[in-house]
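Input: a single structure, listed below in structure tokens.
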Amino acid sequence: MSLNGLRVKVVGAGIGGLAAALALRARGAEVTVLEQAPELSEVGAGLQISPNGVAVLRVLGLEPALAQEAVRGRAVVLRDHAGGDAVLRLDLARHAPDLAYYFVHRADLIDLLTQAAREADIGLRLLQRVAAVEPGAEDADRAVLRMASGAEIAADLVIGADGLHSRARAVLNGADDPFFTGQVAWRAVVPNVIGLGPEAQVFMGPGRHLVCYPLRRGDLVNIVAVQERREWAAEGWHHADDPDNLRAAFADFGGDARRLLAQVDEVNLWGLFRHPVADCWQRGRLAILGDAAHPTLPFMAQGANMALEDAWVLADCLERGADLGAALAAYQARRRPRVARVIAAANGNAWKYHLRPGPVRGLAHLALRLGGSLAPG
Ligand code: FAD
């Protein structure tokens, strides 16, 4: 169907919402993004953009800008936590020389998408909190967004890209029912005091692992450190913790891991929760994407990459679909099985990194060597 003049409102200016806005605008839609935050700046954190995500940024015309800001990854190396001995090295450049894999600061990716959106004449409206979504029926002439301010906004199509606590998801699926996985993660960004080259390092210890990779031309290192524990921690990216808690939890990690941990002076802690993949991704004139449809554990580093894929496939389905209903149904059919597979792999990954020394650990490391999933986030 023609998207020319289709009035699309995207709820949420995260990576998924901005990418969807760009993909739809490129096909002629009139797109406005409504974001609740007062500004589109992000706290420091890294993201791994794997070739599937890069492919989307490439067709959006953004790979050259991404390459300028990001570090192009050459390898992923799994190491023992104590001495740092390598268990497995996956040479990204050798196995897939044509496919780029980037380590990027989240703020840089958001900046790049935002700038492209402004250049494409996409409306970006801040301080716009959506309180309720009425999807409308496909044969109704519009969907309606009720804003926290009391205003009403009509649209031909609403895209719920409103993240982890999505209102749009709840409209389609009812209340979410996540559970605490018994794992928490700290994340921090520190100066690159270990001279880390263009590779991700994963230090694996009993009940814990620590991932690090370079950011911003290698000046900084992103750290994500995961621990199994009973004590619950809140879900979300903005809960500050004492760096000494992180150091105490990883006190037996040696070498480069220890040197990086010594640099941490600000750290966030979040509880890792498992959410089911939404059963229903669309109805009437509403579709959801990204974390709104499928929040994931970080053990495949695919949250942002899946959001980018969703954005592209949604626009493609709308362009190819005979009508809105067929297009949105095709979108869900193309995306849900793949996302469910990726998330199942992420769910299954942590135990491989957390084993205590012994035969099971040996077998798990062998499984990793034989092609087990990599790239924990
Ligand atoms: P999000 O990036 O969560 O974007 C959703 C947007 O919707 C937000 O801007 C939010 O303010 C807005 N919004 C929500 N509700 C409303 C509403 N009612 N009205 C209007 N706007 C609304 N993944 C990693 O792998 N590593 C990381 O270090 C990492 N850091 C992160 C840091 C932050 C602050 C966040 C939010 C996410 C982070 N993630 C990280 C997750 C990863 O970025 C996501 O999996 C991926 O980006 C999905 O993006 P999204 O666009 O679906 O959702």
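Worth a mention:
- Within the span defined as region 71-93, one or more residues are modelled with pLDDT under 90 and of a type in the set (K, R).
- Region 116-167 - residue that is among the polar types (S, T, N, Q) and either under 14 Å from V10 (Cα atoms) or more than 13 Å from the ligand (Cβ to nearest atom) (or both) and, of those, surrounded by the most Cβ atoms within 10 Å (Cβ to Cβ): S166
- The set of residues in region 280-304 being assigned to a loop (DSSP other than H, G, I, E, B) and of a type outside the set (F, W, Y) consists of C280, G284, R285, L289, A293, H294, P295, T296, L297, A301, Q302.
- Identification of strands (runs of 3 or more DSSP E) wholly contained in region 1-103 with 3 or more residues that are over 20 Å from the mean Cα position of the chain (by Cα) yields 7-11, 30-34, 75-80, 86-91.
- Condition check for H239: within 14 Å of the ligand (Cβ to nearest atom), in contact with a Leu (Cβ under 7 Å, 6 or more places away or on another chain) and without any contact (Cβ under 8 Å) to a residue 40 or more places away in the chain: yes
- Cross-chain or 6+ apart pairs with Cβ under 8 Å, region 63-91 first and on the phi > 0 side of the Ramachandran plot, then at pLDDT 90 or above: G84/F203; G84/G254; G84/G255; G84/D256; G84/A257
- Hits in region 233-289 (condition: within 27 Å of V342 (Cβ to Cβ), modelled with pLDDT of 95 or more and out of contact with any strand residue (DSSP E or B) (no Cβ under 9 Å at 6 or more places or on another chain)): V277, D279, R283
- Residue list for region 261-278, filter: closer than 27 Å to P295 by Cβ and not in a loop (DSSP other than H, G, I, E, B): V267, N268, L269, W270, G271, L272, F273, R274
- Subset of region 30-51 [over 21 Å from R217 (Cα atoms) and either within 13 Å of the ligand (Cβ to nearest atom) or at pLDDT below 95 (or both)]: T32, V33, L34, E35, Q36, A37, P38, E39, L40
- Each residue in region 42-87 was checked for being in contact with a Gly (Cβ under 6 Å, 6 or more places away or on another chain) and among the hydroxyl-bearing types (S, T, Y), and 0 of them qualify.
- Only one entry of V54, V71, V59, V77 meets the criterion of being in contact with a strand residue (DSSP E or B) (Cβ under 7 Å, 6 or more places away or on another chain) and either closer than 22 Å to V144 by Cα or away from the ligand (no atom under 16 Å from the Cβ) (or both), and that entry is V77.
The values are calculated or read from the model by the stated rules, or taken from the named source; none is laboratory data. What you see is a predicted model; the values in this text were computed from it and never measured. Glycine also receives a Cβ, built like all others from the backbone with ideal geometry; neighbour counts cover every protein chain displayed.
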